[in-house]
Every structure is written in structure tokens, then in C-alpha cells.
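To start, the structure under review is shown below, and the notes come after it.
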Amino acid sequence: MTADTPRKQIAEALETWLPGYVVDEYPNSPNQVIAGSPYVDVYATEIRNLTANQIEHGITVNVMVRAGTPAATEDQLEDARDNVLIVLTQHCPGVFVDRAERSTFMDTYAGYAITANAHSNNEYKKAEIQP
């Protein structure tokens, strides 16, 4: 059932539209943050509001950067945040951004935690489990 989840669709869109970024479709250690290349990880945080036809997915998209000076870090971080928000709002149908909150990851990496909601068909209605 995980073949085409909103999480994977978002990660694929980010990889397509932001080719210079390192994108993981799961939460990962930000040790992959290298100077000059924004790092993004995408993961599902919850499933809610299951109806007969739809599911609402809570998604977190973390954006991190590392640059030489505090001013350069802030500039790169704002650019990375804005680019990710553009992809989410323009190239991810059914994804709605709730907020982008400034954060520091592992007490080292400047970043934003972006929370979003995505809607999909309720595939659980059609799924079968083999005993």
C-alpha cells in the first residue's frame, strides 16, 4: 500500500523541481546536510479523518541548511524554505501547508519544520489482508 503515498509523491516532486537538494522520503539524520546543498526529509506523522472515500494525511517536511556565516545561513535557509513552499503549493495537488516553523535540528542545523495535510483516496476500503 505504500507504493504511491502522499509522502512519496511529495518527495518525488521535491526531487524533480529542486535537483540540487538532497531529499529523503523518510526522517533521517541531518548529518547529510552539506554546505551549499539544502537537505529535506519528508515523513508522514498521522492519518486522520478517514471517511468512506478519503483519508487525510499529516505530513512533515523538514528543510535544513549549513552555510559558513550566520547571515549566509539565514539567506540560504529562507531561499530553501521558499523553494520548498513553492513546490508544495504549485506542484503537489491536494497538499495544503499549515505552517512553516523555524527550528534548529540536532542543536546544529538551521531549518524549518513545515507541516502540511494531504488527501488521498481511502485505499483501506479496497485493501485485502492475507491471514
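Just so you know, all these numbers are worked out from the coordinates, no wet-lab data involved. For clarity, every value in this text was computed on a predicted model and none was experimentally measured. We place every Cβ from the backbone using ideal geometry, glycine too, and count neighbours over all the protein chains shown.
Give the long-range amide H neighbours of Arg66: residues separated by 5 or more places, or on another chain, with amide H under 5 Å away, using H modelled in the peptide plane at 1.01 Å from N.
Answer set, sorted by chain and number: Gly36, Ser37.
Amide H neighbours of Ser120 under 5 Å, at least 5 residues apart or on other chains, H built in the peptide plane: list them.
The list, which skips near neighbours in sequence, is Ile55, His57.
Taking Cα atoms, how many degrees apart are the long axis of helix 6-17 and the longest axis of the chain, rounded to 10 and kept between 0 and 90?
40 degrees
Calculated from DSSP H runs of 4 or more alone, at -39500 (n - 2.57) each and per residue, what is the 222 nm mean residue ellipticity of the chain, nearest 500?
Mean residue ellipticity at 222 nm (helix-derived): -8500 deg cm²/dmol.
Contact order normalised by length for the chain, with contacts defined as Cα pairs under 8 Å and 6 or more residues apart; what percent is it?
24 percent
Could you give the length gained on full extension between Ile129 and Leu50, defined as 0.36 nm per residue of separation minus the Cα-Cα distance, in nm?
Gain in length upon complete extension: 26.6 nm.
Quick one: angle between helix 70-91 and the longest Cα principal axis of the chain, in degrees between 0 and 90, rounded to 10, please.
Around 30 degrees separate the two axes.
About the Cα centre of the chain, what is the dipole size in debye to 20, counting +1 per Lys and Arg Cβ and -1 per Asp and Glu Cβ, all else neutral?
Dipole about the Cα centre, nearest 20: 260 debye.
Can you find, among Gly68, Gln9, Leu50, the residue farthest towards the positive end of the dipole of the chain? Put +1 on the C-beta of Lys and Arg, -1 on that of Asp and Glu.
Leu50
Kindly rank 55-65, 90-100, 6-16, 71-81 from highest to lowest mean number of other beta carbons found within 10 Å of each residue.
55-65, 6-16, 71-81, 90-100
Where the only charges are on Cβ atoms (+1 Lys, Arg; -1 Asp, Glu), what is the dipole of the range 34-110 about its Cα centre, to the nearest 20 debye?
Charge dipole, the range 34-110, about its Cα centre: 140 debye, nearest 20.
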